[in-house]
Amino acid sequence: MVEVGERRAWIIAALVDAKLDAILCSASTEVLLLTGYWPVMSSCVAIHTADGQVRLIVPKDEVEFAQKTSSARLIVYEPAGLNTLRSPLEQLRAPLQEALEDLGLQKSSIGLQLGEGVQPSSYSVAYQFRSSLVDMLRELVPEGSFKPCDGLLDSLKAVKTAGELALIEKACLVAAAAFVRAETIMTVGSRETDVAAAVQSAFDTTPSARHFERSYGYFFCMSGPNSAKACAAFARTRNRKLEMGDLVMIHCNTCADGYWTDITRTYTVGAPSDRHTEMREAIMQARAAGFNAIRPGVAGCDVDRAVRDVMKAHGLGDAFKHASGHGVGFAAANPNGVPRIHPLSRDVLQAGMTFNVEPAAYFDGYGGMRHCDVVAVTEDGVKVLTQF
């Protein structure tokens, strides 16, 4: 269970500053932020008040999980069952009214998540209340007022507590097992699907994940010319066979009880060529320059510049086709996650922020190389959470 005191204090301060009496969320990541519990099927509702009270409306099937990871007061309901054929929203009405009355929010100003955003998958399907939840709230709290609080939530997610940082670091260590396995299986004739399955299995079966309730992720293998396509917004494993001299990129997004990683390593089938060696030297120097630039008070664009300048100095500026990083932790593949390590980003680094640093070079028809780490900003610099 995450230590809630620090996070709760930050939420209270943010609500007071925003002149909100409470904040109410149903999206899984924001429920995790407010309560410490990451819902399975996104049919939970979390309410956090400006005086520090927290309620978690949770499906009966998920109570066991919620009790282990959250100190919020639980209100249990059944979204579905044999005794009724009502929607989860209809089933939610009574427990939601109970929570709102219990917290005295009938005439309050309540912050809601109303804007666009990214939600990592918590299960193969996720329930979405959408605007119908807002309509129900207006019925249940006719004298209340509702305000968008997406910016407030993004700011809160950007900085992690000590307990959250520890969980993200442990999630990175679990992912390491897959990359240790990857080093041994780069053989001519293996298919990308074979490699991806092998590293996925190593991750799924590592003993280091046993202290988490839920640990899973997505592993991708891209080889030869396919690795050049990894500059896209998403990764894709194909059936291509590995050939001698290929660059082979292994990318993953993994999670542990809702805390995410974003990691990439690149290997060579057989001995690396001179071109591979030059690319790797440039990328590792760019990585080091980025790390040296990270400290509280620095803008995201300055970290990107430090990385990008090294790539340009090696003649690889045009081959570095994306930003140098983005926020990681409450989500993985979110290019708008704060702080954005982007040429135009004015996001200011703070101690406790976590993000990735991913210098890379991509050449169409030939291959790509990327080295992506997860890092945390400390009071005096940076801590690399993926030192493997």
Study note, to complete from the structure: Karplus ³J(HN,Hα) for the stretch 68-79 (6.51 cos²θ - 1.76 cosθ + 1.60, θ = phi - 60°; Hz, whole; x = Gly/Pro) runs 7, 10, 10, 9, 5, 6, 8, 10, 9, 9, 10, x
Point to revise | Per-q log10 I(q)/I(0), the stretch 268-324, q = 0.23 Å⁻¹ (Debye; single scatterer per alpha-carbon; no solvent) | key: -0.86
Check your understanding: What is the magnitude of the charge dipole of the stretch 167-256 about its Cα centre, with +1 placed on the Cβ of each Lys and Arg, -1 on the Cβ of each Asp and Glu, and no other charges, expressed in debye to the nearest 20?
Key -> 200
Study note, to complete from the structure: Heavy-atom accessible area of the chain with neighbours in place, 1.4 angstrom probe: carbon+sulfur share in percent works out to 51
Review point. Can you give the convex hull volume of the alpha carbon atoms of the stretch 193-336 per residue, in Å³?
Key: 132
Check your understanding: Taking trypsin sites (Lys or Arg not before Pro) that fall in a DSSP loop and have at most 10 other Cβ atoms within 10 Å as cut points, what is the longest piece of the chain between them?
Key -> 211-388
Point to revise | Rg/Rg_ref, the stretch 243-292, where Rg_ref = 2.2 N^0.38 Å and atoms are Cα | key: 1.45
Practice item. Working from Cα positions, state the angle (0 to 90°, nearest 10) between the long axis of helix 300-313 and the longest principal axis of the chain. Key: 10
**Study point:** Relative contact order (percent, whole number), the chain, Cα cutoff 8 Å, 6+ residue spacing
**Key:** 14
Study note, to complete from the structure: At the level of C-alpha centres, the distance separating the stretch 188-217 and the stretch 281-309, in angstrom, is 31
**Study point:** Mean-position separation - Cα centroids, the stretch 231-250 and the stretch 50-67, in angstrom
**Key:** 42
**Study point:** In Hz, Karplus ³J(HN,Hα) per residue of the stretch 125-135 (6.51, -1.76, 1.60; θ = phi - 60°; x = Gly, Pro)
**Key:** 9, 9, 6, 10, 6, 6, 5, 5, 5, 5, 4
**Study point:** the chain, helix-only ellipticity at 222 nm - DSSP H runs n ≥ 4, -39,500 (n - 2.57), divided by all residues, nearest 500
**Key:** -11000 deg cm²/dmol
Point to revise | Highest-fluctuation residue, Ala94, Ala319, Ala126 considered, GNM on the chain with Cα pairs under 10 Å | key: Ala94
Review point. What does the convex hull of the Cα atoms of the chain come to per residue, in Å³, rounded to a whole number?
Key: 137
Point to revise | Lys107 paired with His211, simple spin-label distance in nm, labels 7 Å along Cα-to-beta-carbon | key: 4.9
**Study point:** Cα gyration tensor, the stretch 139-213 - rounded (a/c under 1.5), prolate or oblate
**Key:** prolate
Revision key, fill the gap. The chain, Gaussian network, Cα under 10 Å: of Ala288, Ala271, Ala46, the residue fluctuating most is Ala271
Check your understanding: With a ≥ b ≥ c the root eigenvalues of the C-alpha gyration tensor of the stretch 25-140, is it rounded (a/c under 1.5), prolate (a/b larger than b/c) or oblate?
Key -> rounded
Review point. Once amide H atoms are placed 1.01 Å from N in the peptide plane, what residues at a sequence separation of 5 or more from Tyr267, or on another chain, have their amide H within under 5 Å of its amide H?
Key: Val248, Met249, Ile250
Review point. Amide H neighbours of Ala256 under 5 Å, counting only residues 5+ apart in sequence or on other chains, H built in-plane at 1.01 Å?
Key: none
Exercise for review: Using a 1.4 angstrom probe, figure out how much accessible area the chain has per residue, in square angstrom, rounded to the nearest whole.
Suggested key: 43
Check your understanding: Taking N as the number of residues in the stretch 80-130, what is its Cα Rg relative to 2.2 N^0.38 Å?
Key -> 1.48
Study note, to complete from the structure: Measuring from the longest principal axis of the C-alpha atoms of the chain, the long axis of helix 4-17 (C-alpha) lies at a number of degrees, nearest 10, equal to 70
Check your understanding: Distance from the Cα centre of the stretch 353-388 to that of the stretch 84-114, in angstrom?
Key -> 42
Exercise for review: Kindly provide the GluC sites (Glu not before Pro) of the stretch 105-164 that DSSP labels as loop, not H, G, I, E or B, and whose Cβ sees at most 11 other Cβ atoms within 10 Å.
Suggested key: Glu116, Glu143
Review point. Who wins for biggest fluctuation among Ser124, Ser324, Ser215 in a Gaussian network model of the chain, springs between alpha carbons below 10 Å?
Key: Ser124
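The values are calculated or read from the model by the stated rules, or taken from the named source; none is laboratory data. Note that the structure is predicted; figures quoted are calculated from it, not measured. Reconstructed Cβ throughout: ideal geometry from the backbone, glycine too, with neighbour counts over all protein chains shown. What goes into the accessible areas is simple: the full protein's heavy atoms, side chains included, and nothing from ligands, DNA or RNA. Shrake-Rupley method; radii C 1.70, N 1.55, O 1.52, S 1.80 Å.
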